[in-house]
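See below for the structure under consideration.
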Amino acid sequence: MIQKNGVEYAIYPNPTYDRITITSKNELKEIELMDVSGKVIRTIKCSSDSETVDLQDLSNGLYLLRCKTATGTFIEKIIKQNN
């Protein structure tokens, strides 16, 4: 687990081919998937401590995940690549 802004979390696998899982010690409230310019591609409402996001429809490249929890927000880079 990584700790940022008072939130403990893990994101795996990274790099990924098709989906990514986010887990947190705190309940996830919302996940925003963004391109590198900060444009929101997808917003996912959550209410658990784990969420899997399907990335199969995205082009290869670098993306950002902004995850909001009950106790804080963290942003992490993810890499989508071919099999």
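A few notes on this one:
- Candidate lysines - alpha carbon under 16 Å from K4, same-chain residues fewer than 8 apart omitted: K25, K68, K77
- Sites listed here are trypsin sites (Lys or Arg not before Pro) in the chain whose DSSP assignment is loop and whose Cβ has at most 12 other Cβ atoms within 10 Å: K39.
- 15 Å beta-carbon shell around G72, net charge (K/R +1, D/E -1): -1
- For L55, distant residues with modelled amide H under 5 Å away: R19, I20
Readers should treat all values here as calculations from the given coordinates under stated rules, not as data from a laboratory. Please read all numbers here as calculations on a predicted model, not as lab measurements. Glycine also receives a Cβ, built like all others from the backbone with ideal geometry; neighbour counts cover every protein chain displayed.
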